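Structure record follows, encoded as structure tokens.
The values are calculated or read from the model by the stated rules, or taken from the named source; none is laboratory data. Because the structure is predicted, anything quoted here is derived from the model rather than measured. Note that each Cβ is placed from the backbone with ideal geometry, even for glycine, and that neighbours are counted across all protein chains shown.
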Amino acid sequence: MSTSTVPSVLFVCVHNAGRSQMAAAFLTRLGGDRVQVRSAGSAPAETVNPAVVAALREVGIDISAEIPKVLTVAAVQASDVVITMGCGDACPFFPGKRYLDWTLADPAGQGVDAVRPIRDQIERRVRDLLIDLGIE
């Protein structure tokens, strides 16, 4: 972990428009100020997937103002845990960082009905991550 007592987590997917945005939103909501949260994409989209925005709104999370961000080396270096979600080899590797790969369906091009199970799976994984980080 970093010298800070607050762990830092970076979620990465290709477009930073779906999975990584959902994971960051859940971790922000559930972890509060006990964790630092970032998300980024190896090839960011112009906007967050509207079906993802709608699916999160259903559980009381508003990400309508979020904008996909490009993955940078600095973001990886500043993070204790890097969680990839289908970005392949695009994520830079640095010794001493903890890397996890979450295999999740891609919500791109899907409607809200298809996004809900992905959202729920991400929420479960984020809750498990919080326990793993010692944040309950």
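General remarks:
- Residue selected from the stretch 91-136 under the condition touching a residue at least 24 places away in the same chain (Cβ under 8 Å) and among the basic types (Lys, Arg), by the criterion farthest from ALA23 (Cα to Cα): ARG116
- Selection of first residues in the stretch 15-34 that are closer than 15 Å to ARG127 by Cα and of second residues that are basic (Lys, Arg), restricted to Cβ pairs under 6 Å at least 6 apart or on distinct chains, gives the following pairs, ordered by first then second residue: MET22/ARG119.
- The number of residues in the stretch 19-46 that are assigned to a helix (DSSP H, G or I), under 15 Å from ALA75 (Cβ atoms) and in contact with a Lys or Arg (Cβ under 8 Å, 6 or more places away or on another chain) comes to 2.
Let's see how each residue does on (1) over 16 Å from SER42 (Cβ atoms); (2) crowded, with 18+ Cβ neighbours inside 10 Å; (3) modelled with pLDDT of 90 or more:
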{"site": "LEU100", "(1), (2), (3)": "yes, no, yes"}
{"site": "LEU104", "(1), (2), (3)": "no, yes, yes"}
{"site": "PRO117", "(1), (2), (3)": "yes, no, yes"}
{"site": "ASP128", "(1), (2), (3)": "yes, no, yes"}
{"site": "ILE131", "(1), (2), (3)": "yes, no, yes"}
{"site": "GLU136", "(1), (2), (3)": "yes, no, no"}
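- Selection status of VAL14, farther than 19 Å from ILE118 by Cα and in contact with a helix residue (DSSP H, G or I) (Cβ under 9 Å, 6 or more places away or on another chain): no
- Residue that is surrounded by the most Cβ atoms within 10 Å (Cβ to Cβ) [pool: residues in the stretch 61-80 that are among the small types (Gly, Ala, Ser) and closer than 20 Å to LEU130 by Cβ]: SER79
- Members of the stretch 47-61 that are farther than 18 Å from PHE11 by Cα and in a loop (DSSP other than H, G, I, E, B): GLU58, VAL59, GLY60
- Those residues of the stretch 123-136 which are part of a helix (DSSP H, G or I) and farther than 13 Å from VAL59 by Cα, in sequence order: ARG124, ARG125, VAL126, ARG127, ASP128, LEU129, LEU130, ILE131, ASP132
- Test: residue in the stretch 74-96 that is under 24 Å from ARG34 (Cβ atoms) and of a type in the set (Ser, Thr, Tyr): yes
Yes/no per residue for (1) within 18 Å of ASP128 (Cα to Cα); (2) at pLDDT 95 or above; (3) of a type in the set (S, T, N, Q):
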site: SER4; (1), (2), (3): no, no, yes
site: LEU10; (1), (2), (3): yes, yes, no
site: GLY18; (1), (2), (3): no, yes, no
site: LEU27; (1), (2), (3): yes, yes, no
site: ARG34; (1), (2), (3): yes, yes, no
site: GLY41; (1), (2), (3): no, no, no
site: VAL59; (1), (2), (3): no, yes, no
